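Visitor: Pasting a structure here, questions to come.
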Amino acid sequence: MSEERKSLNFIEQIIEEDLAKGMSKNSLRFRFPPEPNGYLHIGHTKAIGISFGLGEYYNAPVNLRFDDTNPAKEEQEYVDAIKEDVAWLGYKWDKELFSSDYFQQLYDWAVYLIKEGKAYVDSQSSEAMAEQKGTPTQPGVDGPYRNRSVAENLDLFERMKAGEFEEGEHILRAKIDMQHPNMLMRDPIMYRVLKKHHHRTANDWCIYPMYDWTHGESDYLEQISHSLCSLEFKPHRELYDWFLDQVVDEDKLRPKQREFARLNLSYTIMSKRKLLKLVEDGVVNGWDDPRMPTISGLRRRGYTPNAIRKFVETVGVAKRENIIDVSLLEFCIREDLNKTAPRVMAVLNPVKLVITNYPEDKVEWLDAENNQEDESAGFRKVPFSRELYIEKEDFKEEAGSKFFRLKLGGEVRLKNAYIIKAESVVKDASGEVTEIHCTYSEDTSRRVKGTLHWVSIAHAVKAEVREYDRLFNDEAPDSHADKDFMDFINPNSLKIIEAFVEPSLTEAKVGDRFQFQRLGYFNVDDDSTPEHLVFNKTVGLRDTWAKVKPKQNTNQNQQKQTQQNNRSAIEQIKSYGKKYDRLPEDKQAKAKAEIQELAKKVSYDELEPLFNTSVKKSGTRIITMIALGVLLANGLDKNDAINSFIAKALDDKNALLVEEAKAIS
RNA sequence: UGGCCUAUGGUGUAACUGGCAACACGUUGGUUUUUGGUACCAAAGAGUCUAGGUUCGAGCCCUAGUAGGCCAACCA
């Protein structure tokens, strides 16, 4: 019995340390603080997963706090959508709170700061203030209003609150240090006048606190123990702490801000602003378009909360910039759906197949297993008849032995039904195959290589299938300085197909998820009605055949292959270097002989760069030495570079290296 | 007067705090299979950004570089 040690990420380690230092487990408290100015996306699921995950792990409360300090951008619609998304992911928040709940407290504290001489009203234009602020490499200078009297500041601030001034006339700033190396500390703005309707406080306020002034104090008011946010807030931490210093009571818990790297996904964008543009420009059909990386988009696409939570868990938490491959997300949804999605048959790109020895008016209702991964899923009936549809892709008149599907004279199994043999084809004027004529045999026990899905033409139901491709053609569409992300939009991200599905699907409900056998996972779209079924392709099955196909009929690959085999001798020698000095003696001797053989094909110019190999990589230096020995034996003259390489090796700690160096010195 | 952060296979995250660089995805083989899916087995792929240093021993500690990121909204 050995204790499994779960490796902790750096945030969990911080918490464990705090706990070890005496913090009570009961005082652990987290929060997820979205601004209600847009829809949540896959990037947010990481932040959600971290804070709510910690809450579940430590059985600690997690607040859902809407950071609603900018009425110009925020709307109730977004509050509702965010709540729906977080709930859908399966997380339960302790309290639903709003930064606007604290407007009065924040105001009172601001007045206190003014009285303490730590805040003042500035009455310049934003341009003038920006100029005084300096740049990251240049210090700022004090503005003309910095030393207003407390009385004057108090009077002005009260009048700001009373609505006596227009937007932009005055602001309240903290008085810190205009020369501070951290620009956020150069007298940051605490309040601005905004004569806007707020979705919760309506017109009660016309001054609104800024993020920095609000966030830490809100965390403190809620007694959040660990305030987790993404890396770009790191520079804010100093200010977060400064603001906290002004108001904290020593007896109360003082929140800690810690930062993690945000999630980036290849081929997608994560900025609310850019996502909004896709919606506004009609590139997609709304925030919940199945191509969108929003949670609502993924939900509509057929993703499950389980899959998303698994994904977030798998990507981990660290501090380095990352771009996660979409294939990981796809793996997570396939893994979940494989276990849960009922299998059905649907043909997306049909060709007619006639079973000539099957009676014309006969129909059989055959048993089909709903999900072989789940015994409790049971069976259903599917109708079989003389005329079927199969996928065009599944038939070729002639094909090689690697093609497991139907070809003339060949046999395949029809899933849940019989084995058939293709006898002949009917073609139209252009030579296109319009019908495949087959014979069937009722003996299903025989082994045949391929199995095809199918639908009975007479019983098939027409359905609209929406197939999606990535929205962008570039791996990181918004990371190009010289190009706009809109330049990378994939014009073919949506393909609408008229498909034929088995009749059991007429009973499918909006949101139901299926595996269309051999094709992928599909769910019933919100637009679907019993009269007009609409499916979204969530994700395809893993398809190793698709990878094999392009390789055939090009010998480019073969050329590549031979190039690989001819992979320069020097490369092969280098690969020995990695392990050489760790090899057992007999294998080492063998490797040495091999290296000496290969070295005959190596030129000095190829070898010389290896002289600079770092001292640590002794293996590489040894194999270089061996190869060099061969070159010298074949008549190469020693030069300065060679001499110094050998000299250095003779002084090395590695005995093997010294030995090889001695042999040729 | 610049400050701060980061650097480990193709990708992401580990390495019990100085002791054989592991796990997952992906890739390549193979076995099983009424899904070219799933499951299972195996392999390839990293001397841990560079150069020094400390140490019996460094991915981890120290020094100096290099590269990338963040910070100059009355946004969050």
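Computed from the coordinates by the stated procedures, all read-outs in this text should not be read as laboratory data. Since the structure is predicted, the reported quantities are computational estimates derived from the model, not experimental observations. Neighbour counts run over all protein chains shown; Cβ positions are idealised from the backbone, glycine included.
Visitor: Enter the mean projected area of the convex hull around the alpha-carbon atoms of segment A:123-178, in nm², rounded to one decimal.
Guide: Result: 4.1 nm².
Visitor: Let me ask another. Compute the length gained on full extension between A:Asp443 and A:Asn322: take 0.36 nm times their separation in residues and subtract their Cα-Cα distance, giving the result in nm to one decimal.
Guide: Details: separation 121, 0.36 × 121 = 43.56 nm, distance 5.49 nm.
Extra length available between A:Asp443 and A:Asn322 comes to 38.1 nm.
Visitor: With unit charges on the beta carbon (Lys/Arg positive, Asp/Glu negative), name the residue among A:Leu156, A:Tyr39, A:Gly53 whose Cα is farthest towards the positive pole of the charge dipole of segment A:29-169.
Guide: Among A:Leu156, A:Tyr39, A:Gly53, the one farthest towards the positive end of the dipole of segment A:29-169 is A:Gly53.
Visitor: From the P(r) of segment A:337-395, can you give the percent of Cα pairs sitting at distances over 16 Å? Intermediate values should be presented prior to the final figure.
Guide: Details: 992 of 1711 pairs.
Roughly 58 percent, rounded to a whole number.
Visitor: For the pair A:Arg262 and A:Leu656, what calculated FRET efficiency results from E = 1/(1 + (r/R0)^6), where r is the Cβ-Cβ distance and R0 = 60 Å, to the nearest 0.05? Please list the in-between numbers first.
Guide: Working: r = 47 Å, r/R0 = 0.78.
Step by step, r from the Cβ atoms, then E = 0.80.
Visitor: Of the DSSP beta bridges with both residues in chain A, give the percent that are antiparallel, rounding to the nearest 5.
Guide: On the way: 57 of 84 bridges.
If we restrict to bridges inside chain A, about 70 percent are antiparallel.
Visitor: How fast does segment A:348-501 diffuse by Stokes-Einstein, in µm²/s, taking the Kirkwood radius from C-alpha pairs at 37 °C and 0.692 mPa s?
Guide: Working: Rh = 18.2 Å.
Rounded, D is 180 µm²/s.
Visitor: Give the peptides A:457-469, A:62-74 in descending order of average Cβ contacts within 10 Å, highest first. The partial results should precede the final answer.
Guide: Numbers: A:457-469: 17.2, A:62-74: 21.2.
Top to bottom by mean Cβ count within 10 Å: A:62-74, A:457-469.
Visitor: Using 0.36 nm per residue of separation minus the Cα-Cα distance, give me the extension gain between A:Gln76 and A:Asn285 in nm, one decimal.
Guide: Values: separation 209, 0.36 × 209 = 75.24 nm, distance 2.09 nm.
Length difference between fully extended and current span is 73.2 nm.
Visitor: Okay, which of segment A:327-361 sit inside 15 Å, backbone N to the point 7 Å along the Cα-Cβ direction of A:Thr544?
Guide: none
Visitor: Then there is this: Using the C-alpha gyration tensor of segment A:218-359, what are the square roots of 5 times its eigenvalues, in whole angstrom, with the largest one first?
Guide: Details: eigenvalues 439, 67, 37 Å².
Rounded to whole Å, the semi-axes are 47, 18, 14.
Visitor: Plugging the Kirkwood radius over Cα pairs into Stokes-Einstein for segment A:144-232, at a temperature of 25 °C and a viscosity of 0.890 mPa s, what D comes out in µm²/s?
Guide: Values: Rh = 15.0 Å.
Translational D for this selection: 164 µm²/s.
Visitor: Please report the spacing between the Cα centers of segment A:271-338 and segment A:350-411 in Å, no decimals.
Guide: 35
Visitor: Could you check the simple spin-label distance between A:Lys21 and A:Asn643, using points 7 Å along Cα→Cβ, in nm with one decimal?
Guide: Rounded to a tenth, the inter-label distance reads 6.0 nm.
Visitor: Can you pull the semi-axes for chain A, root of five times each eigenvalue of the Cα gyration tensor, sorted largest first, whole Å? Intermediate results must be reported in sequence, preceding the final value.
Guide: Working: eigenvalues 650, 420, 107 Å².
One finds semi-axes of 57, 46, 23 Å for chain A.
Visitor: Hey, with R₀ at 22 Å, roughly what FRET efficiency would A:Arg159 and A:Lys115 work out to, going by the Cβ-Cβ distance, to 0.05?
Guide: Values: r = 16 Å, r/R0 = 0.75.
Taking R0 as 22 Å, the efficiency between A:Arg159 and A:Lys115 is 0.85.
Visitor: Contact order normalised by length for chain A, with contacts defined as Cα pairs under 8 Å and 6 or more residues apart; what percent is it? Intermediate values should be presented prior to the final figure.
Guide: Numbers: 1128 pairs, mean separation 58.8, N = 665.
RCO, chain A: 9 percent.
Visitor: Which residue, chosen from A:Thr439, A:Ser424, A:Val461, occupies the Cα position most advanced towards the positive end of the dipole of segment A:409-476, where the dipole is computed from +1 (Lys, Arg) and -1 (Asp, Glu) charges on Cβ about the Cα centre?
Guide: A:Thr439
Visitor: Right, another one. Using the Kirkwood radius over C-alpha pairs as Rh, can you work out the diffusion coefficient of segment A:1-69 via Stokes-Einstein at 20 °C, viscosity 1.002 mPa s, in µm² per second?
Guide: On the way: Rh = 13.8 Å.
The Stokes-Einstein estimate is 155 µm²/s.
Visitor: Taking only the alpha-carbon positions of segment A:84-201 and ignoring solvent, what does the Debye formula give for the base-10 log of I(q)/I(0) at q = 0.10, 0.18, 0.23 Å⁻¹?
Guide: Relative scattering, expressed as log10 I(q)/I(0), comes to -0.40, -0.94, -1.32.
Visitor: Compute the Kirkwood hydrodynamic radius of segment A:238-284, taking the inverse of the mean of 1/r over all pairs of distinct Cα atoms, and give it in Å to one decimal.
Guide: Details: mean 1/r = 0.0684 Å⁻¹.
Evaluated over segment A:238-284, this radius sits at 14.6 Å.
Visitor: When the chain is fully extended, how far beyond the present Cα-Cα distance does A:Ser401 get from A:Ser376, taking 0.36 nm per residue of separation?
Guide: 5.2 nm is the gain from fully extending A:Ser401 to A:Ser376.
Visitor: Which log10 I(q)/I(0) values does segment A:590-655 give at q = 0.11, 0.12, 0.18, 0.25 Å⁻¹ under the Debye formula, counting every alpha carbon as one identical point scatterer?
Guide: Log10 of I(q)/I(0), two decimals: -0.23, -0.27, -0.63, -1.21.
Visitor: Scale the Cα Rg of segment A:10-124 by the rule-of-thumb value 2.2 N^0.38 Å and send over the ratio, two decimals. Write down the numbers at each step before the final one.
Guide: Numbers: Rg = 17.4 Å, N = 115, 2.2 N^0.38 = 13.4 Å.
Ratio of Rg to 2.2 N^0.38 Å for segment A:10-124: 1.31.
Visitor: Take the eigenvalues of the Cα gyration tensor for segment A:245-318, scale each by 5, and report the square roots as semi-axes in whole Å, largest first. All intermediate terms of the calculation are to be shown ahead of the outcome.
Guide: Numbers: eigenvalues 230, 65, 30 Å².
Its equivalent ellipsoid spans semi-axes of 34, 18, 12 Å.
Visitor: May I ask for the net charge around A:Asn492, where only other residues with Cβ less than 12 Å from the Cβ of A:Asn492 are counted and Lys, Arg are +1 while Asp, Glu are -1? Display every interim value, and only then the final one.
Guide: Working: positive: A:Arg291, A:Arg470, A:Lys495; negative: A:Glu467, A:Asp469.
With Lys, Arg at +1 and Asp, Glu at -1, the neighbours total +1.
Visitor: Filter the cross-link list A:Lys362/A:Lys402; A:Lys252/A:Lys272; A:Lys392/A:Lys449 down to pairs whose alpha-carbon distance in this structure exceeds 25 Å. It would help to have the intermediate numbers written out before the result.
Guide: On the way: A:Lys362/A:Lys402 35 Å; A:Lys252/A:Lys272 36 Å; A:Lys392/A:Lys449 18 Å.
With Cα atoms farther than 25 Å apart: A:Lys362/A:Lys402; A:Lys252/A:Lys272.
Visitor: Any idea what the dipole of chain A comes to, in debye rounded to 20, about its Cα centre with Lys/Arg Cβ at +1 and Asp/Glu Cβ at -1?
Guide: Magnitude of the dipole: close to 2540 debye.
Visitor: Summing -39500 (n - 2.57) over the DSSP H runs of n ≥ 4 in chain A and dividing by its residue number, what mean residue ellipticity at 222 nm do you reach, to the nearest 500 deg cm²/dmol?
Guide: On the way: 20 runs with 220 residues, N = 665.
After summing the helix terms and dividing by residue count, I get -10000 deg cm²/dmol.
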